[in-house]
Amino acid sequence: MLEYSKNPEWQLRLMILGGSISEYIKVISELGIVDSLSEKPQKINCFIDDDMKSEKLIRLMNIGVALNLFETNSSEEYSLTEMGQLLKSNVPHSLRNYAILKGQKWGRIGLSGLKDSLYHKESAFELAHGMGIFDYMERENLSHQYHESLREISSYHDSFIIQNYDFSYYLKVMDIGGGMGSLLAEILKSNINLRGIHYDQKSASKKAESSKLFSELLDRCDFISGDFFKDIPEVCDLYILKTILHDWDDANASIILNNIRRVIPKNGKLLIIEILPKNKNHTEYSIMDLEMLIFYGGKERTNMEYDKLLTSTGFKLQRVISTNADISILEVCPV
């Protein structure tokens, strides 16, 4: 990592310069530099654009070395580090699309509303753009880019969820706000007697239905477009909310939970899958809480905060299942 990262002054400088680093990662991803690097070290002329200034590209590559994305040798050849591999487009759990998404101009504009949002109920993004992030992405046809970038992160969690929860007891499961559907697809593949329902906005449900994830599962899965703030369309014995509630404040999260409560059977279960820290100083928790504060108007919650939210909407938290990833599974039943 950077040479001065242990120095408090430079630790703070790195935070201040975080926007520049994010832009750098977006650019090297967009240019295809990461994908151009093969397993063996390569000289810069192997991936330089004819119109590109070689001196600037060399500086760009050396910055990547300092950031632990690239390695270089005495022959001035470059290769990818383990971290850099995660920016390739053809690797499991790639962060390439996520890096490009987070560097978009409309997202940067959303950041500018943080200070004003402290005096209003709206999120920073909503104050900057005049509408919430999900409405904005639907209007600007950005939903596919959003869901595709989060699919890569979601797929990282899927195996940990499958390993730590037994889905074989259930007959029908609904993934509410299922995005690209990777978790639901993995659950159905692992449980051949289970039927699934993917429920999300039209842009997401249509994309999931046509994806190769469900190509062999269409006879056991239905895709329903709708709004979980209005209703939950079918009775199931298992409902899943994976990284959904943290997008919303308590009032809106309660609406979602109340809609599930109206249809869930007495013996039904709800799984809430979120980051659940041991304390509020947990680094990943705090960074994601900032993300919720800026872009969504939601928040990360502790175990006690979820317990309070669930009790107020007619649910009971039965148990919390830890995984080896940065998420936990809250198993919930109706009171």
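The values are calculated or read from the model by the stated rules, or taken from the named source; none is laboratory data. Not measured: the values here are computed from a predicted model. Glycine gets a Cβ as well: all are built from the backbone with ideal geometry, and neighbour counts include every protein chain shown. Side chains are part of the model used for accessible areas, which takes the heavy atoms of the whole protein and leaves out ligands, DNA and RNA. Shrake-Rupley method; radii C 1.70, N 1.55, O 1.52, S 1.80 Å.
For the chain, just say rounded, prolate or oblate: build the C-alpha gyration tensor, square-root its eigenvalues into a ≥ b ≥ c, call rounded for a/c under 1.5, and beyond that prolate if a/b exceeds b/c, oblate if not. Show your work: numbers first, answer last.
Numbers: a/c = 1.98, a/b = 1.60, b/c = 1.24.
Note, shape of the chain comes out prolate.
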* Asked: Considering the alpha-carbon set of the range 107-159 alone, what are its Rg and its Dmax in angstrom?
  -> 13.5, 41
* To do: Using only the alpha carbons of the range 28-69, determine the length spanned along each of the three principal axes and report them from longest to shortest in whole angstroms.
  => 26, 19, 19
* **Hypothetical label at HIS144: residues of the range 211-240 whose amide nitrogen lies under 20 Å (7 Å Cα-Cβ projection)** => 211-215, 223-226
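To one decimal place, what orientation-averaged projected area in nm² is obtained for the convex hull of the Cα set of the range 183-335?
That works out to 9.4 nm², a quarter of the Cα hull's surface.
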* Asked: Under Stokes-Einstein, with the Kirkwood radius over Cα pairs standing in for Rh, what whole-number D in µm²/s applies to the range 47-162 at 10 °C and 1.306 mPa s?
  -> 93 µm²/s
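Which three semi-axes in whole Å describe the equivalent ellipsoid of the range 229-293, each the square root of 5 times a Cα gyration tensor eigenvalue, listed largest first? Let's see the in-between values first.
On the way: eigenvalues 140, 36, 13 Å².
Each semi-axis is √(5λ); the values are 26, 13, 8 Å.
Which FRET efficiency value, to the nearest 0.05, is calculated for ASP166 and ASP135 with the Förster distance at 45 angstrom and r the Cβ-Cβ distance? Before the final figure, lay out the partial values.
Working: r = 38 Å, r/R0 = 0.83.
The formula returns an efficiency of 0.75 here.
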* Asked: Under a 5 Å amide H to amide H cut-off, with H placed in plane at 1.01 Å, what residues pair with PHE70 once short-range neighbours are removed?
  -> VAL65, THR81
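Let me know the volume per residue of the alpha-carbon convex hull for the range 179-250, in Å³. It would help to have the intermediate numbers written out before the result.
Numbers: hull volume 7.0 nm³, N = 72.
So the per-residue Cα hull volume is 98 Å³.
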* To do: Would you mind telling me the antiparallel percentage of the DSSP bridges in the chain, rounded to 5?
  => 50 percent
* Rounded to the nearest 5, what is the percent of antiparallel bridges among the DSSP beta bridges in the range 62-221? -> 35 percent
* Rounded percent of accessible protein surface that carbon and sulfur make up, the chain, 1.4 Å probe -> 52 percent
* Asked: Restricting attention to the range 229-330, which chymotrypsin sites (Phe, Trp or Tyr not before Pro) occupy a DSSP loop and are surrounded by at most 15 other Cβ atoms within 10 Å?
  -> PHE229
